[in-house]
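Novice: Handing you this structure, nothing more for now.
The values are calculated or read from the model by the stated rules, or taken from the named source; none is laboratory data. Not measured: the values here are computed from a predicted model. Counting neighbours? That spans all protein chains shown, and the Cβs are built from the backbone with ideal geometry, glycine included. The protein model used for the area step is the full one, side chains on, heavy atoms only, and it has no ligands, DNA or RNA in it. Shrake-Rupley method; radii C 1.70, N 1.55, O 1.52, S 1.80 Å.
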Amino acid sequence: MSLWEDSILTDEIHPIDIVETLAEHHSWEFDRVTDDQIAMSVAGSWRAYALTLAWSPGDATLRLICTFELDPPESRMDALMTVLNEANDLCWGGAFTWWAGQRLMVWRYGLILSGDQVAAPEQIDQMIRTAVEACERFYPAFQMVAWADRAPDNAIRLAIARGYGRA
C-alpha cells in the first residue's frame with residue numbers, strides 16, 4: 001500500500017500534516033514547530049541532518065531546508081565555494097548554499113503547489129530522500145576541501161564516483 005493510500009484523504013490536506021505522518025512512519029525525531037513548520041532529524045551514514053519543512057501559503061510553496069554544521073578555516077572558504085558550485089552543477093533537485101553566520105552547509109528546495117495542487121506523500125518523501133542523499137553524497141567532498149586541503153576538483157571526483165558496498 002502506498003503512503004498516499006495510508007493517508008486520510010480529504011480535500012484539504014495540509015502539507016505539514018503529510019510531513020508529520022512521514023516522520024512518524026520513518027520513526028524520525030521531529031517537532032511540529034508551528035502549524036506551518038516542522039523540524040526533524042534524519043540520520044545518514046556520515047551524520048544526522050537537521051531538516052525543516054515549512055509551508056508558505058502566500059506563494060503556495062513547501063520549502064525544505066536540510067543543514068549540517070561545517071566550520072571550515074577561513075583560508076579554505078574559496079575552495080569550499082568552488083566545490084559547492086561544482087556540487088550544484090551535479091544536482092537537479094535542489095541546491096547547496098553556505099550560511100556563513102550560522103556556519104552551516106544548507107541544501108534548499110521549494111515545491112510549488114500553486115493552483116490548489118496537493119503534494120502526495122510520495123513527493124514529499126522523495127524531497128526528503130533527495131536532500132539527505134545529496135548531503136551524504138557531497139559531505140566527504142566538503143570535508144576534504146575544508147580539512148584535508150584537497151583541491152576542489154579532486155574532492156568532487158569522490159562525490160562523482162559512486163561506491164558500492166562497505167569497507
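Novice: Net charge near TRP98: determine it from the other residues with C-beta under 14 Å of the C-beta of TRP98, scoring Lys and Arg +1 and Asp and Glu -1.
Specialist: -2
Novice: Roughly how many Å² is the accessible area per residue of the chain, as a whole number, for a 1.4 Å probe?
Specialist: Spelled out: the 1.4 Å probe surface of the chain, per residue, equals 57 Å².
Novice: Could you order the peptides 41-48, 19-26 from most to least packed, using the average number of other C-beta atoms within 10 Å per residue? Intermediate results must be reported in sequence, preceding the final value.
Specialist: Working: 41-48: 13.1, 19-26: 18.0.
Listed from highest to lowest mean packing, they are 19-26, 41-48.
Novice: Which of the chymotrypsin sites (Phe, Trp or Tyr not before Pro) found in segment 72-144 are loop residues per DSSP with 13 or fewer other Cβ atoms within 10 Å of their Cβ? Let's see the in-between values first.
Specialist: Numbers: sites: TRP92, PHE96, TRP98, TRP99, TRP107, TYR109, PHE138, PHE142; in loops: TRP92.
In loop regions of segment 72-144 (DSSP not H, G, I, E or B), the sparsely surrounded chymotrypsin sites (Phe, Trp or Tyr not before Pro) are TRP92.
Novice: For the chain, which whole percent of the accessible surface, found with a 1.4 angstrom probe, sits on carbon and sulfur atoms?
Specialist: 50
Novice: Using a Debye calculation, one point per C-alpha and no hydration shell, please list log10 I(q)/I(0) for segment 96-136 at q = 0.26 Å⁻¹ in order.
Specialist: After summing over all Cα pairs, the log10 values are -0.91.
Novice: How many angstrom separate the Cα center of segment 62-76 from the Cα center of segment 20-40?
Specialist: With segment 62-76 and segment 20-40 each reduced to a Cα centre, they are spaced 21 Å.
Novice: Next question. Need one number: convex hull volume per residue for segment 24-84, Cα atoms only, in Å³.
Specialist: In segment 24-84, the Cα convex hull volume per residue is 140 Å³.
Novice: Give a residue-ordered list of calculated ³J(HN,Hα) values for segment 149-158 (Karplus: 6.51 cos²θ - 1.76 cosθ + 1.60, θ = phi - 60°; whole Hz; x for Gly, Pro).
Specialist: 6, 7, 5, x, 5, 5, 5, 5, 4, 4
Novice: About the Cα centre, and with charges only on the beta carbon of Lys, Arg (+1) and Asp, Glu (-1), how big is the dipole of segment 92-160? Nearest 20 debye, please.
Specialist: Details: 6 positive and 7 negative charges, 57 e Å.
Computed charge dipole of segment 92-160: roughly 280 debye.
Novice: Also, quick follow-up: About the Cα centre of the chain, how large is the charge dipole given +1 on each Lys and Arg Cβ and -1 on each Asp and Glu Cβ? Please answer in debye to the nearest 20.
Specialist: It comes to approximately 940 debye.
Novice: Work out the charge dipole of the chain with +1 on the Cβ of Lys and Arg and -1 on the Cβ of Asp and Glu about the Cα centre, then indicate which of ALA100, LEU53, GLN126 is farthest towards its positive end.
Specialist: ALA100
Novice: Still on this structure, please answer the following. Report the paramagnetic label zone for ARG47: residues of segment 108-143 whose backbone N is under 15 Å from a point 7 Å from Cα along the Cα-to-Cβ axis.
Specialist: Counting only backbone N, you get 132-143.
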